[in-house]
Every structure is written in structure tokens, then in C-alpha cells.
Amino acid sequence: TQLLEQSPQFLSIQEGENLTVYCNSSSVFSSLQWYRQEPGEGPVLLVTVVTGGEVKKLKRLTFQFGDARKDSSLHITAAQPGDTGLYLCAAGRGGSNYKLTFGKGTLLTVNP
Amino acid sequence: NAGVMQNPRHLVRRRGQEARLRCSPMKGHSHVYWYRQLPEEGLKFMVYLQKENIIDESGMPKERFSAEFPKEGPSILRIQQVVRGDSAAYFCASSAVNTEAFFGQGTRLTVV
């Protein structure tokens, strides 16, 4: 069974701080996706990383895919209260891009 | 361009009743996926459908659960004789061919 372990499970920080959350597995992925889910809403896709070692930036968010394509990280610079939410990583199973396996997520709270 | 529309947003059913969850995909999307999010667990794949076809139902419980995506109208996830353990958030996602999937806001089912 392909598992995605996310850490930390919970993170509470002050506005303006930087943070990094992680997504790790023993399996190699062809691609990996990061989502953000707000309370009472569905997951919203932030980014897809495909190439080992790839780095993608989305404003204050930086996503990195490990060289071996087994892990990924999300770094947020100068966090804002609007960044509060559940950050999920997901990867396709068996080479598919539809049967996604999700991690349990990191619940981030940014306090003003 | 409307996103993936799910209704109802909240559904309360007594044990033994039937629950019907509806999903209208984004315009131009012919692929629909259903996921379930249980408390303290990550999103779990249930079923993948295209118009009038079930492509992969490997994540569906063997009994009481069924899904359809008719030629006309929304996709329906049907749960017969609901039990308390069916209480969860059910998310639908849609995509075009070989493109990323977008999630709806979900239906929160509560069985009392």
C-alpha cells in the first residue's frame, strides 16, 4: 500500500513567520500534487510537481519535489492568516492520475 | 465557468434511510471521481466514472454503495440503508481527458 506521511500534523505560528511542511513516502511517484482545504470546503489544487528535484514557486509558497521523487516539501514565507488551512499532498496510484492517494494533511493555523 | 457543483451541501439521514449525493462536473469535463473523507482520515478514492460507464470502483464498499453518471444529468452517489459509520464528507472531482481534477465543495452526510 502506498502511503503518504505528512508532518507535522498540526502547526500553529504567528503571522510573518516562515514554515515548512513535509510529505514523505517509501514509494516513487511519477507526480505529486499539493492541495489546500479550508473548513467546510473541498481541496483546491495548488501545484503539481513532476520532475525529481523540481522547484515551483507560487507567490510566497515554494514547492520542492525530492530528487528520488519519494518526498516533497512546501515552504511558506512570511505566513499570513489567509494561509490557514489543511495542506494535503496526493499522488496517483499505479501510474494513474485519477486514483489519488492523499496524506492526512498538515493543519496550519496562522495567528494574527 | 462554474466549478464542480455538489448538492446538497449538508444531508442528515436516519439509520436505514437512503442518501443520494449529486455532482455536476465542470463544463467540458467528462470524468467524475468520488472521494470520501472520514474524521481523522485522509481523502479516500471511491469510484471513477465516465458518461454511462464505471471505469474503476475499487474503492467502493461492496454493499449499499452505488454510483452512476448518466448520459444526461449529474453523477449520483447512492448509499442505501445508511449506518452511523457512513457519516463523512463526500467529495466529487471532475476532469477532462488527461488533465488535473478539480474538487467540489463536498456533501457532509450525518447519519443519526
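The values are calculated or read from the model by the stated rules, or taken from the named source; none is laboratory data. Keep in mind that this is a model prediction, so the values were computed, not measured. Cβ: placed from backbone, ideal geometry, glycine included. Neighbour counts: every protein chain shown.
Summary of values
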{"quantity": "B:ALA2 without any contact (Cβ under 8 Å) to a residue 40 or more places away in the chain and loosely packed, with under 13 Cβ neighbours inside 10 Å", "calculated": "yes"}
{"quantity": "Selection status of A:LEU107, at pLDDT 95 or above, within 12 Å of chain B (Cβ to nearest Cβ) and in a strand (DSSP E or B)", "calculated": "yes"}
{"quantity": "From the options A:PHE63, A:PHE10, residue that is within 13 Å of chain B (Cβ to nearest Cβ) and among the hydrophobic types (A, V, I, L, M, F, W, C)", "calculated": "A:PHE10"}
{"quantity": "Members of region B:21-47 that are closer than 25 Å to A:PRO39 by Cα and among the hydroxyl-bearing types (Ser, Thr, Tyr)", "calculated": "B:SER24, B:TYR33, B:TYR35"}
{"quantity": "Selection within region A:60-75 - of a type outside the set (Gly, Ala, Ser) and at pLDDT 95 or above", "calculated": "A:ARG60, A:LEU61, A:THR62, A:PHE63, A:GLN64, A:LEU74, A:HIS75"}
{"quantity": "Cross-chain or 6+ apart pairs with Cβ under 7 Å, region A:34-47 first and of a type in the set (A, V, I, L, M), then outside any strand (DSSP E or B) and surrounded by fewer than 16 Cβ atoms within 10 Å (Cβ to Cβ)", "calculated": "A:LEU45/B:GLU100"}
{"quantity": "Scope region A:7-21; condition touching a residue at least 60 places away in the same chain (Cβ under 8 Å) and under 14 Å from the mean Cα position of the chain (by Cα); matching residues", "calculated": "A:SER7, A:PRO8, A:GLN9, A:PHE10, A:LEU11, A:LEU19, A:VAL21"}
{"quantity": "Residue that is surrounded by the fewest Cβ atoms within 10 Å (Cβ to Cβ) [pool: residues in region A:60-76 that are free of Cβ contacts under 8 Å to residues at least 24 places away in the same chain and not polar (S, T, N, Q)]", "calculated": "A:ASP67"}
{"quantity": "Residue count, region B:23-52 (criterion: surrounded by 17 or more Cβ atoms within 10 Å (Cβ to Cβ) and not in a loop (DSSP other than H, G, I, E, B))", "calculated": "15"}
{"quantity": "Hits in region B:59-72 - residues which are of a type outside the set (Asp, Glu) and either surrounded by 11 or more Cβ atoms within 10 Å (Cβ to Cβ) or under 14 Å from the mean Cα position of the chain (by Cα) (or both)", "calculated": "B:GLY59, B:MET60, B:PRO61, B:ARG64, B:PHE65, B:SER66, B:ALA67, B:PHE69, B:PRO70"}
{"quantity": "Residues (part of a loop (DSSP other than H, G, I, E, B) and either surrounded by fewer than 17 Cβ atoms within 10 Å (Cβ to Cβ) or out of contact with any Lys or Arg (no Cβ under 9 Å at 6 or more places or on another chain) (or both)) located in region A:77-92", "calculated": "A:THR77, A:ALA78, A:GLN80, A:THR84"}
{"quantity": "Index of the failed condition, A:LEU4 passing every other in (1) more than 14 Å from the chain's Cα centre (by Cα); (2) closer than 15 Å to A:LYS104 by Cβ; (3) of a type in the set (A, V, I, L, M)", "calculated": "(1)"}
{"quantity": "Any hit, region B:40-63, residues being in contact (Cβ under 8 Å) with a residue 60 or more places away in the chain and within 11 Å of another protein chain (Cβ to nearest Cβ)", "calculated": "no"}
